[in-house]
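Chemist: Got a structure here, written out as structure tokens. Questions coming.
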Amino acid sequence: MKEEYYLHKDQANKVSFSLPEGWVPAYVVRSEERDDRATPPVEQMLRDALARAESALPAKASTSSQKVAVIVDDTTRPTPVAAILPVLLDYLEGKGYPRSGVTIVIALGTHAPLTDEHMDARLGTPVRSACPVVQHNAWAKDLVPVKVPEDGRTVKINPVVANADLRIGVSSILPHPMAGFGGGPKIVFPGVSDFDSIKVHHPKNVLHPNAAIGVTKGNPFHEEIASVARAAGLHLSINCVYDAASRLAAIRAGTPDVAFKEAIDICFQKLGYKFTDKVDVTIASTFPHTHGNQLFKGLMPASMVTREGGAVLLFSPLVEPIPAEFLNSIRRIREASGNKPAEYIRSMLTKGEAFLPDKPMDYNMAMTNVFIRPPQRVLLVSNEVSKDDADLMGMECVSSVEEALRELGGAFPRARVAIFPAAGLIIPVMV
């Protein structure tokens, strides 16, 4: 009987499959391997983390009129914001910061704003009723300039954040294809920063060899982000860390640099996997990146461990389709480049310029994954992507994992294979 493997559709549901005859499973990540122990509820994890982080905040607010900005991420991240906020607000009240002085700031970066329905789900109705909520606008005219001492830049940030007496960030620490890790200082930059500064930073640093998954030291993409968070005066950082099945594994809180370091150390323990060579085929789910063009964050680690001329079977259980605006941007780049998009994008990035200066920066960064990636076949399985759209992105559209395996079984009769049940939750370490 053939051994069965699986890919995550979401945290609870999986798609099972068997490998074609002759295929060798060289690297198999199983999301249950490292984390079979029960973990405390979110609320208890946060209370414990805050107790360990007492020194990050003053023992008591100097006056009850002090203003607090609590910065949270949007629905593209798995952060359990609705469970965290009531505990955090109770904690702040115990330190003399009443709910009436707390504003929740949703760190959209350049993402689209949340609907009322999404905000209720993200924050919880009681919190929305108790606290003002602001969705950051990276193009707003009232953003406040902040000088970054390390390099002399001036970055503009959300006025609610800039004018607060106490600034708290709540985010998820996830592997990130350019910043090393998402979350932490990214809640400030790009989370609540101005588009013009983001537009300069991202293109300038994306091609640096250290701008890679799991790398922070010597990574200018990360280092410039962290310097903005320090300049903005983030007081307390609350960082959520996950296991390979997207279950919350730990929360670390404290001063931004310390809490981030603790969180990424745990992230490596939970999600780091060593590879001594590259495989012929990688079979991967993009989970937990299931929102439109975020799927490319799931493709990146799979491509990293696949040889040139190999293939990636990419299962993408999208809960939101790829935006038409994103797909039209691909057409726009093909046209602007005379159908030489890779050459065009490299030229623009070398000059530190955005090639879609009027579009969200995550579109610009995803375009590098559309057009500048290793020469590999990518077979995409997703109910939300048509054949035409897959072709546009340089992928092959297939109807099921089984169909993709039949196709690849003929093309690679003796393949060595890597299997990533949740490719957004792995840090490949080449040794």
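Chemist: Whole-Hz Karplus ³J(HN,Hα) for region 388-399, in order, using 6.51 cos²θ - 1.76 cosθ + 1.60 and θ = phi - 60°, x for Gly and Pro?
Modeler: 4, 5, 5, 4, 4, 8, x, 10, 9, 8, 10, 7
Chemist: Still on this structure, please answer the following. Translational diffusion coefficient, Stokes-Einstein: compute it for the chain using the Kirkwood radius over C-alpha pairs as Rh, at 25 °C and 0.890 mPa s, and state it as an integer in µm² s⁻¹.
Modeler: It comes out at roughly 110 µm²/s.
Chemist: Right, next: Please list, ordered by chain and number, the residues whose modelled amide H lies under 5 Å from the amide H of G272; skip anything fewer than 5 residues away on the same chain.
Modeler: Here the answer is I427, since their amide H atoms fall under 5 Å of that of G272.
Chemist: Do the sum for the chain: with -39,500 (n - 2.57) for every DSSP H run of n ≥ 4, divided by all residues, what is the mean residue ellipticity at 222 nm, to the nearest 500 deg cm²/dmol?
Modeler: Taken over the chain, the calculation gives -10000 deg cm²/dmol.
Chemist: Could you tell me what % of all Cα pairs in region 314-427 have separations over 19 Å?
Modeler: 53
Chemist: Let me ask something else about it. Please arrange H201, H235 by counting, for each residue, the other beta carbons lying within 10 Å of its beta carbon, fewest first.
Modeler: Ranking H201, H235 by Cβ neighbours within 10 Å, fewest first, gives H235, H201.
Chemist: I would also like to ask the following. Taking only the alpha carbons of region 42-270, what extent do you get along each of the three principal axes, in Å, biggest first?
Modeler: 45, 42, 36
Chemist: By count of other Cβ within 10 Å, fewest leading, how are D362, D165 ordered?
Modeler: Lowest count first: D165, D362.
Chemist: Pop out the ³J(HN,Hα) list for region 120-128 in order, Karplus 6.51 cos²θ - 1.76 cosθ + 1.60 with θ = phi - 60°, rounded to Hz; leave Gly and Pro as x.
Modeler: 4, 5, 6, 9, x, 4, x, 5, 4
Chemist: For region 265-308, what does the convex hull of the Cα positions come to per residue, in cubic angstrom?
Modeler: Hull volume over Cα atoms, normalised by residue count, gives 88 Å³.
Chemist: Moving on to the next point. Summing Lys, Arg as +1 and Asp, Glu as -1, what charge do residues with Cβ under 13 Å from the Cβ of A404 carry, A404 excluded?
Modeler: Every neighbour counted, the sum reads -2.
Chemist: Now for a different question. Given a cut-off of 19 Å, name the pairs among K217/K261; K186/K297; K14/K387; K141/K199; K204/K351; K9/K297 whose C-alpha atoms lie farther apart than that in the structure shown.
Modeler: Beyond 19 Å between Cα atoms: K14/K387.
Chemist: Please list the non-local residues whose amide H lies under 5 Å from the amide H of Y242, H modeled 1.01 Å from N, same-chain partners needing a gap of 5 or more.
Modeler: Amide H neighbours of Y242: A249.
Chemist: Under 14 Å Cα-Cα from K359, which aspartates and glutamates qualify once same-chain neighbours fewer than 8 residues away are excluded?
Modeler: The reachable aspartates and glutamates, counting only those whose Cα sits under 14 Å from K359, are D194, D196, E325.
Chemist: Per residue of region 276-286, in order, report the coupling 6.51 cos²θ - 1.76 cosθ + 1.60 (Karplus, θ = phi - 60°) as ³J(HN,Hα) in whole Hz, putting x for Gly and Pro.
Modeler: 9, 7, 9, 9, 7, 9, 10, 10, 9, 9, 6
A short reminder: the numbers here are calculations on the coordinates, not readings from a lab. This is a predicted model, so every value here is computed, not measured. Note that we place each Cβ from the backbone using ideal geometry, even for glycine, and neighbour counts take in every protein chain shown.
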